[in-house]
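Asker: This is the structure I have questions about; it appears just below.
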Amino acid sequence: MILFCVADDFPKPSPRGNKKSPIIGRLSEPRGLRDWYHAKSKGCFFVDENKGFISHQYQLTLTEDTSIWLTIQPVKIEQRDSRGCHGVRCDLTAGTYCLIPFTTGCRLKPRRSEPPREAKLITKDKDDKVVLTKAFKKALEEIFEIADLDGNGLLSRDEFNWFNIRTSDDEVADDEWAVVEENVELESKEITKRGFISLNEMEAEDNNGDTEDLWITLNNMGFNRALEMDEACPFLVDVYSEDGEAILKVTKLENPGKVLDNAVCASAIAKGEPTKVKAMKDLTMYTYIGDARASIVFENKSRTKVTMELDCSKSRNCVSNHGHLVSKVDVPGHSKKVGVHLLPDDERAEWSIRCTESILK
């Protein structure tokens, strides 16, 4: 079975068309949560120019039938803002589940351009030895925090492997790990933060000060040329089980593709309000509006593709995954397709949603 962590708590849908949503508040945790079994892991969404959004995915194993409380929240790094915690409670039977985090793409987007000034990564001391700049070391410390999935302040071989997959598409071979063990600071056979920084110092030295490979690593971890993390969003997943043990393990770092698309569409169809699109008996629009997210999904039961225009420009205090509030969507025959996701621009204020659809062809 597949679970997906979404950025809302699955409230009941509201009437289609125009809705005023309340200000988003704090979640109500189950009583006695301190006594529940707790498993957690960090993860991260990354913008990838070839694969779209990719993220860590998980295997959740439950040893007994149990009620679970699952939350996901952005991790606050340095002065970056946290948008709050989102969660869901449900009952699950004992077994193994695939857990897929989901971002709408309303806030995390590909950068449009690089900053005008490029940060320096290295300098040289009086002996002409390569030295990492303070700004680069700070970025590496942030990367270390992202890669430290269990949050113990160290990088295990498995965690370093996921980092390597993200930055080079390659797993860490035995001989490569042996080099790491021989040359950097370890604690309990895991890489310390100082050891991680020294690895990058060695790479800079081996390249005689050429920073091209260092920039590839930084870019793949979501940093722009000013060393700002604008194409990544680290998060924390917490799973609480009332009965029996919950075991959470990272299994993938990739774009979930149709698996997640189908799950998001199925959720909106199950919980949203259906409306037949005018003059199209085989085309249905489902509008799901929750406290923290709105989604519009089309289901096309005909054989032919339909192109729709969605106009949400009369909505108030909203941002969309398209970057604008009027968008086109192609819905192939015999398919389900997300038309738009909407979030409140300012989560401290009320937001209202008003969208109209029209057929282009």
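The values are calculated or read from the model by the stated rules, or taken from the named source; none is laboratory data. Keep in mind that this is a model prediction, so the values were computed, not measured. We place every Cβ from the backbone using ideal geometry, glycine too, and count neighbours over all the protein chains shown. SASA here: full protein model, heavy atoms, side chains in, ligands and nucleic acids out. Shrake-Rupley method; radii C 1.70, N 1.55, O 1.52, S 1.80 Å.
Asker: Hey, can you tell me all the residues within segment 180-215 that are open to solvent by 30 Å² or more (accessible area, probe 1.4 Å), farther than 14 Å from Leu155 by Cβ and part of a helix (DSSP H, G or I)?
Answerer: Glu182, Asn183, Glu201, Met202, Glu203, Glu205, Asp206, Glu212, Asp213, listed by residue number.
Asker: Pairs needed: first member in segment 200-222, under 24 Å from Gly43 (Cβ atoms) and of a type in the set (Gly, Ala, Ser); second member anywhere, at pLDDT 95 or above and in a loop (DSSP other than H, G, I, E, B); C-beta distance under 8 Å; at least 6 residues apart or different chains.
Answerer: Pairs found: Gly222/Asp230; Gly222/Glu231.
Asker: What about Ala292, is it in a loop (DSSP other than H, G, I, E, B) and of a type in the set (A, V, I, L, M)?
Answerer: Against the criterion (in a loop (DSSP other than H, G, I, E, B) and of a type in the set (A, V, I, L, M)), Ala292 qualifies.
Every residue, every condition in (1) acidic (Asp, Glu); (2) part of a helix (DSSP H, G or I); (3) without any contact (Cβ under 8 Å) to a residue 60 or more places away in the chain; (4) open to solvent by 80 Å² or more (accessible area, probe 1.4 Å), yes or no:
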| position | (1), (2), (3), (4) |
| --- | --- |
| Pro115 | no, no, no, no |
| Lys120 | no, no, yes, yes |
| Thr123 | no, no, yes, no |
| Phe136 | no, yes, no, no |
| Ala139 | no, yes, no, no |
| Ile143 | no, yes, no, no |
| Glu159 | yes, yes, yes, no |
| Ala178 | no, yes, yes, no |
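Asker: What do you reckon, is Lys76 among the basic types (Lys, Arg) and at pLDDT below 95?
Answerer: Spelling it out, Lys76 is indeed among the basic types (Lys, Arg) and at pLDDT below 95.
Asker: Any residue at all in segment 37-45 that is open to solvent by less than 40 Å² (accessible area, probe 1.4 Å), modelled with pLDDT of 95 or more and of a type in the set (S, T, N, Q)?
Answerer: yes
Asker: Can you tell me which condition Ala226 does not meet? The list is (1) touching a Pro at 6+ places or on another chain (Cβ under 7 Å); (2) buried (at least 17 other Cβ atoms within 10 Å of the Cβ), and all the others hold.
Answerer: Ala226 satisfies all of (1) touching a Pro at 6+ places or on another chain (Cβ under 7 Å); (2) buried (at least 17 other Cβ atoms within 10 Å of the Cβ) except (2).
Asker: If you don't mind, another one. What's the total number of residues in segment 152-182 that are in contact with a Leu (Cβ under 8 Å, 6 or more places away or on another chain) and of a type outside the set (D, E, K, R)?
Answerer: Of the residues in segment 152-182, 4 are in contact with a Leu (Cβ under 8 Å, 6 or more places away or on another chain) and of a type outside the set (D, E, K, R).
Asker: Additional query: For the subset of segment 286-318 comprising residues that are in contact with a Pro (Cβ under 8 Å, 6 or more places away or on another chain) and of a type in the set (Val, Ile, Thr), which member is farthest from Glu357 (Cα to Cα)?
Answerer: Result: Ile289.
Asker: Then there's this: Would you tally the residues in segment 249-285 being part of a strand (DSSP E or B), of a type outside the set (D, E, K, R) and either at pLDDT below 95 or open to solvent by 30 Å² or more (accessible area, probe 1.4 Å) (or both)?
Answerer: Residues in segment 249-285 being part of a strand (DSSP E or B), of a type outside the set (D, E, K, R) and either at pLDDT below 95 or open to solvent by 30 Å² or more (accessible area, probe 1.4 Å) (or both): 3 in total.
Asker: Out of segment 295-343, which residues are aliphatic (A, V, I, L, M) and in a loop (DSSP other than H, G, I, E, B)?
Answerer: Leu325
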